[in-house]
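Undergrad: Below is the structure I would like to discuss, written out as structure tokens.
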Amino acid sequence: MRRLLIAIPYLWLLALFLVPFGIVLKIALSDAALAIPPYTPTLALDEGWQSVREFLSQLDLENFVFLGEDALYWKAYWSSIQIAFVSTVLTLLVGYPMAYAMARAPRRWQPALIMLVILPFWTSFLIRVYAWIGILSNEGYLNQALLAIGLIDQPLALLNTNVAVHIGIVYTYLPFLVLPIYATLERLDESLLDAARDLGCSRTRAFWSVTLPLSRPGIIAGCLLVFIPVIGEFVIPSVLGGSDTLMIGKVLWNEFFANRDWPVASAVAVVLLFILIIPIMLFQHSAMDKREVTA
Amino acid sequence: MTSPWEDSNATPLIRIDKVTKRFGGVTALDGVTLDIYPGEFFALLGPSGCGKTTLLRLLGGFEEATGGHVHIDGRDMAGVPPNERAVNMMFQSYALFPHLTVAGNIAFGLKRSALTKSAIAARVDEMLRLVQLEDLAKRKPHQLSGGQRQRVALARALAKAPKLLLLDEPLGALDKKLRQQTQFELMNIQAKTNTTFVIVTHDKDEAMTMASRIAVMDNGRILQVDTPERIYQSPKSIAVASFIGDTNILEGICNWSDGESATFDWTSQSRDMTGIPGNALAVGERCRCVVRPEQVVITFDEPTDMPNRVQGIVEDIAYLGNVSTYHVRLNDGSVFTSQSMNRQPLSPDALGVNRSVWLSWPESAARILRP
Ligand SMILES: Nc1ncnc2c1ncn2[C@@H]1O[C@H](COP(=O)(O)OP(=O)(O)OP(=O)(O)O)[C@@H](O)[C@H]1O
Ligand SMILES: [Mg+2]
């Protein structure tokens, strides 16, 4: 019985991660072909051992070599990481004060404030991203408002730039960052701040030497929850970004649906996964740390 | 040597003058006036919710008084934030910084001062030695026992050598044995560092053991400020007498008083009893008399030489090891308590249940107070 219980998470991992990953890896090692499915070789298990061996001998690393030789891919990976990094920092700058204000608000308001943070999830993500076109375009609300108050006299070209992509990411991913930080701040023992003040800290100083270090687990968790999915983000750069916005999610989509080169697309996905493994492991580690501190 | 509170020339370190504190509709402190002198070990004693923590937080600068003044070292403290007071506090829950080591916690306040790095390290070592935690300097708070945490909190609060140390139920989380041991440690440290301690507790034994003076509080007011002996032996009110220990209370009408001693008619026994008046009493006034159980002597024969005596029947005996408590029922149905040391092993038939006995006590053991 106990073994069965322990086996469940592993079965889960096997079914939802390792098997799909195996399939993608297999496609990445195949060659593109004009067929259905669009790659060779395909595995025919009913034809016996001989055919399996033949199948294995046809797999190779060609697609990965191709990725390494074409600068486009490396530029896309690098620019994805840059965009993810910058927008994570921006999200943190917006989200931390929000989480702080929420945790400091009167107790009875807090459920309502959490509700407000989660509320956007009630409508479709795609629609919300499209809605930003209406705000950011040349004739959009933002430009209209800025023109009306006389801050600018030419509409700002925001849409189809990286600025719009950053805005879209900050907007979309904000709740993922606010909630974990709020959770750590909300648990923070007020008497620690009193103690810091008692030992000679001004309010600001007490924030830097007590509140901030103690909310670190929340900051790390929140940042990784933004950073990891944003690297592979496809919808926001395609809807709000311009032709020069290079992100690996877009490249992946093009390989699959425009080029119909499934093997190269799979290779792109496999490399992306390996790039993400480092931050994912960091995330796991910080989650463990958090459990230790609360225990 | 006269104690500073008896010396009219002594200047108090803390002067609390008609301080009132209200939280919305709740009055936590109601016209508190109190002087505390340098070097005192001062205890605030009272039941839960009586305003002890509030008074301490006011001294620490965490609360502003609604009315009245607080002077520390001659300076009016209105509007002075905690970080600008030469006062440190040991918090009820210790409030150790979980992200810092023991040494880091102790150094925290020192780093906010003008000390050099090596001076800080030296001071941290000194504090660790003071509380005997040299070996645990690198541990984090969650790796310590309750008693060790308490000592870290004490070391941290003492590190800046404050003029005044405020301690909010510092021993609340400790078990009884460790608690008693720590009480003496605290007293030692107080004497060694010559810091003024103001300690909050709701444990009367703790206050009696440690304090030079005790302020008994109730409902946001101070009932009495005195040395432990005087609080115990000469309570000024029934509330103080009953808060500070078990006591028998006799109701009566005062029929004679010369200020030094008084007599009253014990209503339920119709007997004249004598005692020492705790407040000024007028003849004919209703009064109550408190008698501590350990002052009541039990005998089989009537002690005719004792002015205060009464007969009753032993109802039950609680054997507590070093002492026994006897509950004796009087003829009016009320129960009187007497307590005596068990010097010899108890012989069961000596003083058994249902035996008729006499209870008596000297005049000096009876305090007559306003009801
Ligand atoms: N921040 C606050 N807001 C509202 N009421 C408060 C606040 N702090 C204290 N009180 C009230 O003031 C009164 C005194 O509280 P205080 O904490 O001083 O009691 P205490 O004597 O320390 O009790 P305990 O022994 O339980 O710690 C209580 O009735 C309490 O409810
Ligand atoms: Mg308290």
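The values are calculated or read from the model by the stated rules, or taken from the named source; none is laboratory data. Just so we're clear, the structure is a prediction, and the values are computed from it rather than from any experiment. Because the Cβ atoms are built from the backbone with ideal geometry, glycine has one as well, and the counts that use them run over all protein chains shown. Heavy atoms of the whole protein, side chains included, go into the accessibility calculation; ligands, DNA and RNA do not. Shrake-Rupley method; radii C 1.70, N 1.55, O 1.52, S 1.80 Å.
Undergrad: Considering only region A:222-245, I want to know if a residue exists there that is open to solvent by less than 30 Å² (accessible area, probe 1.4 Å), more than 19 Å from the chain's Cα centre (by Cα) and either within 14 Å of chain B (Cβ to nearest Cβ) or in contact (Cβ under 8 Å) with a residue 12 or more places away in the chain (or both).
TA: Among the residues of region A:222-245, at least one is open to solvent by less than 30 Å² (accessible area, probe 1.4 Å), more than 19 Å from the chain's Cα centre (by Cα) and either within 14 Å of chain B (Cβ to nearest Cβ) or in contact (Cβ under 8 Å) with a residue 12 or more places away in the chain (or both), which makes the answer yes.
Undergrad: Would you tally the residues in region B:304-325 being closer than 17 Å to B:W266 by Cβ and either assigned to a loop (DSSP other than H, G, I, E, B) or of a type in the set (D, E, K, R) (or both)?
TA: Number satisfying all stated conditions: 3.
Undergrad: So which helices (runs of 4 or more DSSP H) stay within region B:92-202 end to end and still have 1 or more residues that are among the β-branched types (V, I, T) and free of Cβ contacts under 8 Å to residues at least 24 places away in the same chain?
TA: Those helices (runs of 4 or more DSSP H) span B:117-130.
Undergrad: Within 16 Å of ligand 2 (Cβ to nearest atom), open to solvent by 50 Å² or more (accessible area, probe 1.4 Å) and away from chain A (no Cβ under 13 Å): is that true of B:A173 in this structure?
TA: Yes.
Undergrad: Test B:T33 against the stated conditions and say whether it is away from ligand 1 (no atom under 16 Å from the Cβ), open to solvent by 50 Å² or more (accessible area, probe 1.4 Å) and not in a loop (DSSP other than H, G, I, E, B).
TA: yes
Undergrad: Could you please find all residues in region B:36-63 being more than 8 Å from ligand 1 (Cβ to nearest atom), away from chain A (no Cβ under 14 Å) and outside any strand (DSSP E or B)?
TA: Correct list: B:Y37, B:P38, B:G39, B:E40.
Undergrad: Identify the single condition in (1) crowded, with 23+ Cβ neighbours inside 10 Å; (2) within 11 Å of ligand 2 (Cβ to nearest atom) that B:A43 does not satisfy, given that it satisfies every other one.
TA: (2)
Undergrad: Something else about it: So in region B:101-117, with the set limited to residues that are over 34 Å from the mean Cα position of the chain (by Cα) and not charged (D, E, K, R), which one is farthest from the other protein chains (Cβ to nearest Cβ)?
TA: B:T116
Undergrad: Continuing with this model, one more query. Inspect all residues belonging to region B:77-88 and state whether any of them is touching a Cys at 6+ places or on another chain (Cβ under 7 Å) and either open to solvent by less than 40 Å² (accessible area, probe 1.4 Å) or within 14 Å of chain A (Cβ to nearest Cβ) (or both).
TA: There is at least one residue in region B:77-88 that is touching a Cys at 6+ places or on another chain (Cβ under 7 Å) and either open to solvent by less than 40 Å² (accessible area, probe 1.4 Å) or within 14 Å of chain A (Cβ to nearest Cβ) (or both).
Undergrad: Which of the residues spanning region B:205-221 are under 12 Å from the mean Cα position of the chain (by Cα) and open to solvent by 30 Å² or more (accessible area, probe 1.4 Å)?
TA: B:D205, B:M208, B:T209, B:S212, listed by residue number.
Undergrad: Let me ask something additional. Take the conditions aromatic (F, W, Y) and within 16 Å of ligand 1 (Cβ to nearest atom) and apply them to B:F108. Does it pass?
TA: Spelling it out, it is not the case that B:F108 is aromatic (F, W, Y) and within 16 Å of ligand 1 (Cβ to nearest atom).
Undergrad: In the list B:L167, B:L186, which residue meets the criterion of being under 18 Å from the mean Cα position of the chain (by Cα), open to solvent by less than 10 Å² (accessible area, probe 1.4 Å) and within 16 Å of ligand 1 (Cβ to nearest atom)?
TA: B:L167
Undergrad: Still on this model: One residue is enough: does region A:179-188 have a residue meeting the conditions within 12 Å of chain B (Cβ to nearest Cβ) and not aliphatic (A, V, I, L, M)?
TA: Checked region A:179-188: at least one residue is within 12 Å of chain B (Cβ to nearest Cβ) and not aliphatic (A, V, I, L, M).
Undergrad: Within 20 Å of A:S238 (Cα to Cα) and either assigned to a helix (DSSP H, G or I) or open to solvent by 30 Å² or more (accessible area, probe 1.4 Å) (or both) - does that describe any residue in region A:103-123?
TA: Yes, because at least one residue in region A:103-123 is within 20 Å of A:S238 (Cα to Cα) and either assigned to a helix (DSSP H, G or I) or open to solvent by 30 Å² or more (accessible area, probe 1.4 Å) (or both).
Undergrad: For region A:192-215, enumerate the residues that are more than 31 Å from the chain's Cα centre (by Cα), facing chain B (nearest Cβ under 7 Å) and surrounded by 17 or more Cβ atoms within 10 Å (Cβ to Cβ).
TA: A:L192, A:D194, A:A195, A:R197, A:D198, A:L199, A:G200, A:C201
Undergrad: Within region A:57-73, how many residues turn out to be within 27 Å of the chain's Cα centre (by Cα) and part of a loop (DSSP other than H, G, I, E, B)?
TA: The total comes to 1.
Undergrad: Within the group B:A119, B:A137, B:A157, which residue is in contact with a helix residue (DSSP H, G or I) (Cβ under 9 Å, 6 or more places away or on another chain), more than 16 Å from ligand 2 (Cβ to nearest atom), open to solvent by less than 10 Å² (accessible area, probe 1.4 Å) and hydrophobic (A, V, I, L, M, F, W, C)?
TA: Just one listed residue meets the conditions, B:A157.
Undergrad: So if I check each of A:W49, A:W74, which one is in the same structural domain as A:F227 (by TED's automatic domain parsing) and modelled with pLDDT under 95?
TA: From the options A:W49, A:W74, the qualifying one is A:W74.
Undergrad: For region B:138-155, enumerate the residues that are more than 15 Å from B:D168 (Cα to Cα) and among the charged types (D, E, K, R).
TA: B:K138, B:R139, B:K140
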